[in-house]
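Take a look at the structure below.
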Amino acid sequence: MHTLIEAEKNLAKKGFLDVEVAPSLDLFAEIEKLKKEKNAIILAHYYQDADIQDVADYIGDSLGLAQEAAKTDADMIVFAGVHFMAETAKILNPTKRVVLPDFNAGCSLADSAPAKEFKAFKDAHLDHIVISYINCTAEIKALSDIICTSSNAQKIVESIPERQPIIFAPDKNLGAYINKQTGRNMLLWNGSCMVHEIFSLEKILKLKTQYPNAKLLAHPECEETVLKYADFIGSTTQILDYSKRQNSGNEFIVATEAGILHQMEKDSPNKHFIPAPPNNACACNDCPYMKMNTLEKLYLCMKYGLPEITMDEELRLAAKKPIERMLEMSKAAGLIK
Ligand code: 13P
Ligand code: SF4
């Protein structure tokens, strides 16, 4: 067993509090106690483990999570998601303690846009405005004019005058999809998500012959080759809502991270959800970053208030502007209240 001081020293190396948790401890009950004691709220993304989704106060897509983070009056925000999501919550709540169960829970898409290279790219196209997908670091947000998520990207792009050139970063797949939907020709940063690029079109098409009535539901972070065959394309919340609404079919092939199946099966117990297969034998449609968070780490981070997200104030203020712009534009478009 480590002392807390040793565990805190270890935190810098490991990214999470390395403290033993007694196996007999009822983590669900302890987490409920800690929520009250610390006036904490647990915000979880659909890609989290089922246990974590089950203890969350709010589960949502990136837009819903940002909106919830913007309006909470809790003292502690426990972000069960990845680093850029917790960072967004901190940007919106500078005086609150924002904790992430595992500090190493990053994102391959956010990593695909290093700030220095992106700044040079932006400087080479000074007549362009920058719309960045929320899956990026605070530094990239600070270099952006507007942030978007997969549920509001199209509306946000459509609201920009047609003659205004746009850089879209960091996801080239979402950018290409929005270009196709809007007829724009946005300049795309060459980034992508490792989870959404792994789906095998060949195996999906085989599944479609096995389940001829199944609808293919895909996230716009997937490649165009997969999106071409999708019956519905949307953010995680939009995919979930679509599957709930469908009365005519009860089979769905789901081309996004497999964690979302937990809520789909909870909401529609009589429907059959099949995760889209990856192009190899591994469980690659699990996001390795999202899955770094565990119920034990969540309990520990609530108990000790660590690891905590902190940020330079100048960076925070610069990153806040385009997020606030996104929230205002989403309200104006009727996407959020
Ligand atoms: P949404 O939940 O906004 O659809 O985003 C998906 C995603 O990749 C989060 O990392
Ligand atoms: Fe990033 Fe992709 Fe994981 Fe989402 S699923 S956190 S975009 S690596």
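Tell me the relative contact order for segment 43-88 as a rounded percent, counting alpha carbon contacts under 8 Å between residues six or more apart. Mind showing how you got there, number by number?
Working: 49 pairs, mean separation 19.8, N = 46.
Reported relative contact order: 43 percent.
So if R0 is 22 Å, what FRET efficiency would N190 and D127 give, r being the distance between their Cβ atoms, rounded to the nearest 0.05?
Given R0 = 22 Å and the Cβ-Cβ separation, E is 0.60.
DSSP loop (so not H, G, I, E, B), at most 13 other Cβ within 10 Å: list which trypsin sites (Lys or Arg not before Pro) in segment 164-262 pass both filters.
K228
Among the GluC sites (Glu not before Pro) in segment 139-218, which ones are in a DSSP loop with at most 16 other Cβ atoms within 10 Å of the Cβ? Mind listing them?
On the way: sites: E139, E158, E162, E197, E202; in loops: E162, E197.
Here the sparse-neighbourhood loop sites are E162.
State which entries of K36/K266; K271/K321; K180/K208; K119/K266; K9/K321 exceed 32 angstrom in Cα-Cα distance in the structure shown. Display every interim value, and only then the final one.
Details: K36/K266 26 Å; K271/K321 42 Å; K180/K208 25 Å; K119/K266 44 Å; K9/K321 35 Å.
Too far apart for the 32 Å limit: K271/K321; K119/K266; K9/K321.
Net charge near I239, counting Lys/Arg +1 and Asp/Glu -1 over other residues with Cβ under 12 Å of its Cβ?
With Lys, Arg at +1 and Asp, Glu at -1, the neighbours total -3.
Exceeding 18 Å between C-alpha atoms, which entries from my cross-link table qualify? They are K203/K228; K38/K291; K116/K155; K155/K331.
From the list (K203/K228; K38/K291; K116/K155; K155/K331), the Cα-Cα distance tops 18 Å for K38/K291; K116/K155.
Points 7 angstrom from Cα along the Cβ direction at E37 and Y58: gap in nanometres?
Placing both labels 7 Å beyond Cα along the Cβ direction yields 2.5 nm.
Figure the gain on full extension for D241 and L201 (residue separation times 0.36 nm, minus the Cα-Cα span) and round it to one decimal in nm.
The span from D241 to L201 would gain 12.0 nm if fully extended.
Report the net charge of residues surrounding I52, where surrounding means a beta-carbon distance below 12 angstrom and charges are Lys +1, Arg +1, Asp -1, Glu -1.
On the way: positive: K291, K297; negative: D49, D51, D54, D57, D102, E296.
The answer is -4.
Setting aside same-chain residues fewer than 8 positions from K33, which lysines have a Cα under 20 Å from its Cα?
In chain and number order, the partners are K96, K297, K303.
Note down the net charge around E117, summing +1 for each Lys or Arg and -1 for each Asp or Glu among other residues with Cβ under 13 Å from its Cβ.
Taking every other residue near E117 into account, the sum is 0.
Tell me which aspartates and glutamates have Cα within less than 13 Å of K215's Cα, excluding those fewer than 8 residues away on the same chain?
Candidates past the 8-residue exclusion: D231, E251.
Quick one: grab the alpha carbon gyration tensor of segment 1-71, order the square roots of its eigenvalues as a ≥ b ≥ c, and give me rounded if a/c is under 1.5, else prolate or oblate depending on whether a/b is larger than b/c.
Note, shape of segment 1-71 comes out prolate.
Quick one: divide the alpha-carbon radius of gyration of the chain by 2.2 N^0.38 Å and tell me what you get. Show your work: numbers first, answer last.
On the way: Rg = 20.0 Å, N = 337, 2.2 N^0.38 = 20.1 Å.
Normalised Rg, Cα atoms only: 1.00.
Taken together, the values in this text are just the output of simple stated rules run on the coordinates, not laboratory data. Keep in mind it's a predicted model, so treat the numbers as computed, not measured. No Cβ is skipped: glycine too gets one built from the backbone with ideal geometry, and neighbour counts run over all protein chains shown.
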